[in-house]
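Some notes on the structure that comes next.
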Amino acid sequence: MAKSKYSMHYCAYCHKETKMEVVGGPNADGQPGGTDAKMWYRCTRCKHSALLDRDTSQRKAVDEKLDRGAATEYSATKVFSVGQTIYHSEWDDLGRVVAKIKTSSGVQAIAVSFEKHGDRKLIENLATEPLHEHPTQP
Ligand SMILES: [Zn+2]
């Protein structure tokens with residue numbers, strides 16, 4: 001395979017690996033930092049564009065289908081690591097952690113690429129105690 005601006009990626013519209021054309025870097029996402037490893041790709045079959053992980057590592061040969069059995073169920077109180085597969089029970093969706101985010105308020109979050117819901121940001125490592133106390137009046 002010669003160097004080209006085409007590469008094989010899983011297309012959520014075609015539901016299979018397709019040849020995709022590199023369109024460019026991310027600029028739709030206004031968040032500074034965190035998503036630099038992503039690029040816009042356009043499927044040559046259905047012409048849909050998708051923001052996908054750039055081919056930075058050759059370690060992973062194929063972006064394999066996410067495995068429900070190997071996924072960790074998402075909970076805001078848990079801590080996740082980049083590359084981990086998670087399952088969001090409310091959405092019934094599998095996703096992979098692509099980045100760790102620290103919000104300005106100090107809350108930890110993860111950027112997750114979901115199969116059905118696409119790129120989402122989720123809270124992690126949330127303290128179990130409530131944020132605001134509600135003192136009970138007698
Ligand atoms: Zn497609």
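Taking all protein chains as present, what is the carbon and sulfur share of the accessible area of segment 64-132, in % to the nearest whole number, probe 1.4 Å?
51
Looking at segment 64-132, send over the antiparallel percent of its DSSP beta bridges, to the nearest 5.
In segment 64-132, approximately 90 percent of DSSP beta bridges are antiparallel ones.
Note down the net charge around residue 123, summing +1 for each Lys or Arg and -1 for each Asp or Glu among other residues with Cβ under 14 Å from its Cβ.
Charge balance in the 14 Å sphere: +3.
Going from most exposed to least, what order do 90, 21, 73, 124 have by accessible area with a 1.4 Å probe?
90, 73, 21, 124
Which residues' amide hydrogens lie under 5 Å from the amide hydrogen of residue 23, considering only partners 5 or more residues apart or on another chain, with H built in the peptide plane?
The answer is 40, 41, 42.
Count the net charge of all other residues whose Cβ sits under 12 Å from the Cβ of residue 79, scoring Lys and Arg as +1 and Asp and Glu as -1.
Once all neighbours under 12 Å are counted, the net charge is +1.
Skip the ligands, DNA and RNA, and give the accessible area per residue of segment 64-132 with a 1.4 Å probe, whole Å².
Ligands and nucleic acids excluded, the result is 60 Å² per residue.
Between their Cα atoms, which of 47/102; 16/121; 19/78 are more than 29 Å away from each other?
47/102; 19/78
The values are calculated or read from the model by the stated rules, or taken from the named source; none is laboratory data. Everything numeric in this text was worked out from a predicted model, so none of it was measured. When we count neighbours, we look across all protein chains shown, and the Cβ atoms used for this are built from the backbone with ideal geometry, even at glycine. We work out accessible area using only protein heavy atoms, side chains counted, and drop any ligands, DNA or RNA first. Shrake-Rupley method; radii C 1.70, N 1.55, O 1.52, S 1.80 Å.
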